[in-house]
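As C-alpha cells, the structure follows; a few thoughts come after it.
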Amino acid sequence: MLNVPSQSFPAPRSQQRVASGGRSKVPLKQGRSLMDWIRLTKSGKDLTGLKGRLIEVTEEELKKHNKKDDCWICIRGFVYNVSPYMEYHPGGEDELMRAAGSDGTELFDQVHRWVNYESMLKECLVGRMAIKPAVLKDYREEEKKVLNGMLPKSQVTDTLAKEGPSYPSYDWFQTDSLVTIAIYTKQKDINLDSIIVDHQNDSFRAETIIKDCLYLIHIGLSHEVQEDFSVRVVESVGKIEIVLQKKENTSWDFLGHPLKNHNSLIPRKDTGTEIVKPYTPVSGSLLSEFKEPVLPNNKYIYFLIKIYPTGLFTPELDRLQIGDFVSVSSPEGNFKISKFQELEDLFLLAAGTGFTPMVKILNYALTDIPSLRKVKLMFFNKTEDDIIWRSQLEKLAFKDKRLDVEFVLSAPISEWNGKQGHISPALLSEFLKRNLDKSKVLVCICGPVPFTEQGVRLLHDLNFSKNEIHSFTA
Ligand code: NAD
C-alpha cells in the first residue's frame, strides 16, 4: 500500500487520511503515524467508551466533553470522541482542542475540508446531534428540490453556471433491494480512476472530476445501506452508476437529505491531503539479465504505475520528485503460495495494469515450481502501446518454452493481426486447454472489475472449480 501526499480526494473506500492545507504540522511521537492510527482503529479497541453504542447527543451534553482526555467534537451533525486521536492529529492536539465540546464543522472546513473524517474517525463516532423534527422536514423539502434540479442557490458553488449545458446532474432509482445513483457528467473521458465513492453509515458521497473542478454529491441517505457497493462507468456517454444495496427491502420515498456542498462543483485545491491506495509490487524485471544489481537489505520495491492524466491520484504520483516521501504499509492480500504445490498448468488472464500481480507469479512459477509443465498468459489491452513489458514477455517466452504469451487488443489499429476483442467464451475455451486431461491447474485473473467478474463467470461455465481460480481484486 502506497501512501502519497496529494491534492486530491482519497481513493474509493480507502481508510485514510489527515492532511495539512496551508497550516502547520507538528511532529508526531513515534508510533503515531497515519498507519498506526489505522491499525488502532482496526484493533477492535473501544475508542468511544460506549462499547459500540451510538447515542443522540444534545448541545448541553456535547459542551461537557471539552477536555483532552474527554473531547467530543461535532462535524456535520455527527459527534466524535477525538481523545484517542489527539496524538495522531498531524495538526497537533491544540488545534483539535479548538473545537472541543462544540461544533467544529466550520473550523474543519477552513483547514482541511477534503479530509475524509467519516472514514478516519469511524471508530470514534459517538452518535448524532439531536435534531429537531422541523429540520428533518426541511431536509425532505430540499431533497425534492434537488431531484428537480433546483437546489437553493446558496448551496451551490458558482464555478460553472449551474444551468449550463455542461453542468453535471444526477438521478436515482430503486428496485426492492438496490438503489442506483446515476451521475450524468456530460463529459466523455471519465474512467473509474477519476471517481471516488465513500459511504459511512448513512452518509454517502461521490465525486468526480469535471474540468478543473470536483463534482460532489453528498447525501445523508434516508435508509441504511450495506457496506458493499459497485460503480459502473458508461464512458461513451459519461454516465456513472453507483449501485448501493439496501439493508432492508423497503421502498424509499426519497433518497436522503443534502449535506454540505451537495450537487455542486468545487475548485480542486492543493490541500496536501494524504491518500492511501493499494498497489501490487512487481520485480525489477522479468528477465534475469536485466535485473538491477541486488543491493543489501532489499533496498528497492518496484511498482508499475499507470498514470491516468484525468485521474485524481496517479497525476500526483507522477509529480513526485526525488527526495519526496511516500510511506508504504506492510503487505496485504490473500494469495497463498501453497496454491502452486504440484501445479502443472498455470493460466494467467491479465487486463491492463492487472498484469502487475502476474509479474511475481511468472518469476516464481518459472523458477520454483518443479512440477510445472505449461504457463500461458493471455494479456488484454486496448492498443499495442498499452502492452506493458511486451518485449520482455516475448523474450521470456522465447527463452523458456514452457511459457506462451498471447496479446488480445480491444481497440487495435487495422494492421494488427493478432487476437482482438474482449474476454469471451470463444477466446477462453481455446486458450484454456490443459496440458493433460487431469493436470493440476490454476487460473489467475486480474484487471478492471467488469473484466475480472466476467472472466470468473466464464471460468465457472467452463467447469473450473473455485479452488482452481484466483481472482485479484483491488
Ligand atoms: P484498461 O482500461 O486499459 O483496459 C484493459 C483491458 O481490459 C481492455 O482492453 C479490455 O480487454 C479489458 N476491459 C476493460 N474494461 C472492460 C469491461 N468493462 N469488460 C470487459 N473487459 C474490459 O485497463 P487499465 O486502465 O489498465 O485498468 C486496469 C485495472 O486493473 C484497474 O481497474 C486496476 O485497479 C486493476 N488492478 C487490480 C490489481 C489488483 O487487484 N491486485 C492490480 C493491478 C490493477
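The values are calculated or read from the model by the stated rules, or taken from the named source; none is laboratory data. The structure displayed is predicted, hence computed values, not measured ones. Note that each Cβ is placed from the backbone with ideal geometry, even for glycine, and that neighbours are counted across all protein chains shown.
General observations
- Restricting segment 108-130 to residues that are among the β-branched types (Val, Ile, Thr) and at pLDDT below 85, the residue that is farthest from residue 36 (Cα to Cα) is 111.
- Qualifying positions in segment 205-228 - under 14 Å from residue 246 (Cβ atoms) and either out of contact with any Phe, Trp or Tyr (no Cβ under 9 Å at 6 or more places or on another chain) or modelled with pLDDT under 85 (or both): 224, 226, 227, 228
- Condition check for residue 307: in a loop (DSSP other than H, G, I, E, B), exposed (fewer than 15 other Cβ atoms within 10 Å of the Cβ) and touching a Leu at 6+ places or on another chain (Cβ under 8 Å): yes
- Inside segment 224-233, residues that are surrounded by 14 or more Cβ atoms within 10 Å (Cβ to Cβ) and either on the phi > 0 side of the Ramachandran plot or not basic (Lys, Arg) (or both) make up a count of 5.
- Residue 413 being modelled with pLDDT under 95, among the aliphatic types (A, V, I, L, M) and either closer than 27 Å to residue 333 by Cα or touching a Ser or Thr at 6+ places or on another chain (Cβ under 8 Å) (or both): yes
Quick grid of which residues meet (1) buried (at least 18 other Cβ atoms within 10 Å of the Cβ); (2) modelled with pLDDT of 95 or more; (3) polar (S, T, N, Q):
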| residue | (1), (2), (3) |
| --- | --- |
| 325 | no, no, no |
| 329 | no, no, yes |
| 332 | no, no, no |
| 350 | yes, yes, no |
| 400 | no, no, no |
| 433 | no, no, no |
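- Given (1) part of a loop (DSSP other than H, G, I, E, B); (2) within 14 Å of the ligand (Cβ to nearest atom); (3) of a type in the set (Phe, Trp, Tyr), number of the condition residue 407 does not satisfy: (1)
- Any hit, segment 65-76, residues being among the polar types (S, T, N, Q), in contact (Cβ under 8 Å) with a residue 24 or more places away in the chain and closer than 14 Å to residue 122 by Cβ: no
- Residue check for residue 393: assigned to a helix (DSSP H, G or I), under 26 Å from residue 284 (Cβ atoms) and touching a strand residue (DSSP E or B) at 6+ places or on another chain (Cβ under 6 Å): yes
- Residue within segment 367-379 that is part of a helix (DSSP H, G or I) and more than 24 Å from the chain's Cα centre (by Cα) present: yes
- Scope segment 216-241; condition within 24 Å of residue 122 (Cα to Cα) and hydroxyl-bearing (Ser, Thr, Tyr); matching residues: 222, 230
- Scanning segment 173-208 for residues that are assigned to a strand (DSSP E or B) and within 16 Å of the ligand (Cβ to nearest atom) returns 195, 196, 197, 208.
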